[in-house]
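Input: a single structure, listed below in structure tokens.
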Amino acid sequence: MALNVILLTKSLPISGASRVFRAQAEWFAGKGYKVFIFVQELNREEKFFPHAGVNIVTEVDRLNGIGNGIAVSHHPATFESLRQLNSFEYRIQYFQSVASDIGWSYVDEHFLDAARSVKEIIFFSTSKYVSEWLNREGICSNIVSPGIDQVFFQRAENKRQNIVLVEGSEKPYKGVNWLCKNIPSKWLIWCVGRKAHNSNRIDRMFIAPTDQKLAWIYSKAKVLVKHSTSEGFGLPLLEAMAGGCAVVCSDMGGNMDYCVNEYNCLFYGNKEELYGCLKRILVDQSLLREIVANGMRVANQYKWDESMADLLNKLEVART
């Protein structure tokens, strides 16, 4: 396997998707690969990639002189740039979300036609949900689930307050505003996001926390509730499970890759069912212990080293 790696993306916001991007970059760099990051819209890169082995590039023409290696596009907006890297033996278009649900303007028929016609690029997706969407559009993809950093996301033995953690932006599909309106007042609400939310129902707001800080947040909250209508894989749910936080979510999308109702989480579909789930977590300590313990078992199965090894193995198979 060649030692040059290029990761391409539209921008570098602090979000679930870009945390996967960052983790891949730092994993390759830590293994001795020479890593280059191509960014169309550069912002906050000095805080985002502190690793000494990662180089930020903003002009795709500079990448062609690097030589052979692995090139991975993490956003449809950089697909055309990926196609220009003809010297790279391995070229990957990586999908973390379902474009039709979140309204990516870059995923239109022009993009899909190009993706269907290109034979030299290999497609990867994070979950069965994303892979099935691609298949319906005539694009075959390999599934490689993300991992979590087991160093940070571990259960802390401490007494937890009645805190509901919500996560995401104010975009409607994330459902944070809906939760703020419908979570019972007996619960405190902590929120994690890229920007502050306007709801006065939020008791504490955490803006773009580090992994260390996020792990501390999971250690304090009793339950993470997700109401989003589209999740490619749902990495925060898995991190919460690893941190000993109970999970309440919907039975949709990438959640279904590892969420099992009444085993490692509780499913809900409307306000009344949400009330019921939160009440059970408060009054049924046996259920709470069981869900948390099973969540930790499931989360322990998703490690970054194993995820990246899976990606590299499937990449070799796809090219043979």
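The values are calculated or read from the model by the stated rules, or taken from the named source; none is laboratory data. As the structure is a prediction and not an experimental result, all values here were calculated from the model. Cβ atoms come from the backbone with ideal geometry, glycine included; neighbour counts cover every protein chain shown.
General remarks:
- Any hit, the stretch 111-130, residues being part of a helix (DSSP H, G or I), touching a Ser or Thr at 6+ places or on another chain (Cβ under 6 Å) and either closer than 13 Å to Pro76 by Cβ or not charged (D, E, K, R) (or both): no
- Any hit, the stretch 265-273, residues being touching a residue at least 60 places away in the same chain (Cβ under 8 Å) and either farther than 23 Å from Val151 by Cα or under 22 Å from the mean Cα position of the chain (by Cα) (or both): yes
- The one condition in (1) over 30 Å from Gln93 (Cα atoms); (2) buried (at least 19 other Cβ atoms within 10 Å of the Cβ); (3) of a type in the set (Asp, Glu) that Glu167 fails to fulfil: (1)
- Count of the stretch 171-183 residues which are in a loop (DSSP other than H, G, I, E, B) and more than 14 Å from Leu224 (Cα to Cα): 1
- Restricting the stretch 1-15 to residues that are surrounded by fewer than 20 Cβ atoms within 10 Å (Cβ to Cβ) and outside any strand (DSSP E or B), the residue that is modelled with the highest pLDDT is Leu3.
- Enumeration of residues in the stretch 24-72 that are at pLDDT below 85 and assigned to a helix (DSSP H, G or I): Glu45, Glu46, Lys47, Phe48, Val60, Asp61, Arg62, Leu63
- Filter result for Glu273 (at pLDDT 95 or above and among the charged types (D, E, K, R)): yes
- Selection count where residues are over 13 Å from Lys303 (Cβ atoms) and surrounded by 14 or more Cβ atoms within 10 Å (Cβ to Cβ), scope the stretch 136-147: 5
- Single match in Gln150, Gln161 (criterion: under 18 Å from the mean Cα position of the chain (by Cα), assigned to a loop (DSSP other than H, G, I, E, B) and surrounded by fewer than 21 Cβ atoms within 10 Å (Cβ to Cβ)): Gln150
- Strands (runs of 3 or more DSSP E) contained in the stretch 194-313 and holding at least 1 residues surrounded by fewer than 21 Cβ atoms within 10 Å (Cβ to Cβ): 204-207
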